[in-house]
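Since the structure comes first, as structure tokens, the remarks are kept for the end.
The values are calculated or read from the model by the stated rules, or taken from the named source; none is laboratory data. What you see is a predicted model; the values in this text were computed from it and never measured. Positions of Cβ are backbone-derived with ideal geometry, glycine not excepted, and every protein chain shown enters the neighbour counts. Remember, those area values only see protein heavy atoms, side chains included, never the ligands or the DNA or RNA. Shrake-Rupley method; radii C 1.70, N 1.55, O 1.52, S 1.80 Å.
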Amino acid sequence: MPLRERLPRRLCQLYAGLVGYGVSISLMLRAHLGNQPWDVLHQGVAHRTGLSVGTVLIIVGALVLVCWIPLRQRPGIGTVSNIVVIGLVVDVANRMLPEPSHLALRWAFMIGGIVLCGFASGLYIGANLGPGPRDGLMTGLAARSWSLRGWRTVLEVGVVATGALLGGTVGLGTVLYALAIGPLAQFFLPMLTVAPAAPRTPAIPEPATC
């Protein structure tokens, strides 16, 4: 889709999705039941360095984007926005959301975060303004060797293992996220994808009458 086509709608959808995605990350962090794979790494690095999770998320996203260069991937507006907006929203949401103490409330945060993540993914991916840096890395690698599923497995197992060693939270929530996020994104994406505007049919002139 050309960049300028339906751009106001796509920008609104992109940023709504990125804000929702950031809130979903914070909900899962607050639940303390296990984070999504990359956030295990982000939390672990934050724990070791004293930086906020959102700051680490921005730094890691920028480093991943550098890895696009040898893969000849081209970032879009959505790619750069993904790095900055989600990290900022995570830090704001972490300050605003309470720490649930009851197990039932923690699971409500966890499940709500996973569902919101699936919906938010459909919003920002459906805007067609560029993939996130981590998704772009996986698709770039898959385009040159092996498969998307293979690279995704290797990368996510790697970041989970590294993050867990650094102190990131791995738990049942991590497994639940891994099982649920694919079907949720597949459910939301078709209804949220912005389609190109229908071409205008030229008017057919009426035949002249005598």
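Go through the stretch 23-79 and give me each residue that's farther than 27 Å from R9 by Cβ, touching a helix residue (DSSP H, G or I) at 6+ places or on another chain (Cβ under 8 Å) and part of a loop (DSSP other than H, G, I, E, B).
H32, L33, G34, N35, Q36, L51, S52, C67, R72
Quick check: anything in the stretch 148-163 over 30 Å from R9 (Cα atoms), surrounded by 14 or more Cβ atoms within 10 Å (Cβ to Cβ) and in contact with a His (Cβ under 8 Å, 6 or more places away or on another chain)?
yes
Could you go through the stretch 3-22 and let me know if any residue there is within 25 Å of G182 (Cα to Cα) and free of Cβ contacts under 8 Å to residues at least 40 places away in the same chain.
For the stretch 3-22, residues within 25 Å of G182 (Cα to Cα) and free of Cβ contacts under 8 Å to residues at least 40 places away in the same chain: present.
Please indicate, with yes or no, whether at least one residue in the stretch 31-42 is open to solvent by 70 Å² or more (accessible area, probe 1.4 Å) and either over 16 Å from the mean Cα position of the chain (by Cα) or of a type in the set (A, V, I, L, M, F, W, C) (or both). Walk me through it before giving the result.
Taking the stretch 31-42 and keeping what is open to solvent by 70 Å² or more (accessible area, probe 1.4 Å), we get 32.
The next check asks that each one be either over 16 Å from the mean Cα position of the chain (by Cα) or of a type in the set (A, V, I, L, M, F, W, C) (or both); those that pass are 32.
Yes, because at least one residue in the stretch 31-42 is open to solvent by 70 Å² or more (accessible area, probe 1.4 Å) and either over 16 Å from the mean Cα position of the chain (by Cα) or of a type in the set (A, V, I, L, M, F, W, C) (or both).
Looking only at the stretch 87-103, decide whether some residue is part of a loop (DSSP other than H, G, I, E, B), open to solvent by less than 30 Å² (accessible area, probe 1.4 Å), over 21 Å from I181 (Cβ atoms) and at pLDDT below 95. Full working, then the answer.
Just the residues of the stretch 87-103 that are part of a loop (DSSP other than H, G, I, E, B), to begin with: 97-102.
From the residues that got through so far, the ones that are open to solvent by less than 30 Å² (accessible area, probe 1.4 Å) too are 100.
Add one more test, that the residue is over 21 Å from I181 (Cβ atoms), and what stays is 100.
In the following step, the residues that additionally are at pLDDT below 95 were identified as 100.
So far as the stretch 87-103 goes, yes, one or more of its residues are part of a loop (DSSP other than H, G, I, E, B), open to solvent by less than 30 Å² (accessible area, probe 1.4 Å), over 21 Å from I181 (Cβ atoms) and at pLDDT below 95.
From the list V53, V60, exactly one residue is closer than 29 Å to A142 by Cβ, β-branched (V, I, T) and either open to solvent by 50 Å² or more (accessible area, probe 1.4 Å) or touching a residue at least 24 places away in the same chain (Cβ under 8 Å) (or both). Which is it?
On the way: V60 fails: either open to solvent by 50 Å² or more (accessible area, probe 1.4 Å) or touching a residue at least 24 places away in the same chain (Cβ under 8 Å) (or both).
Checking each option against the conditions leaves just V53.
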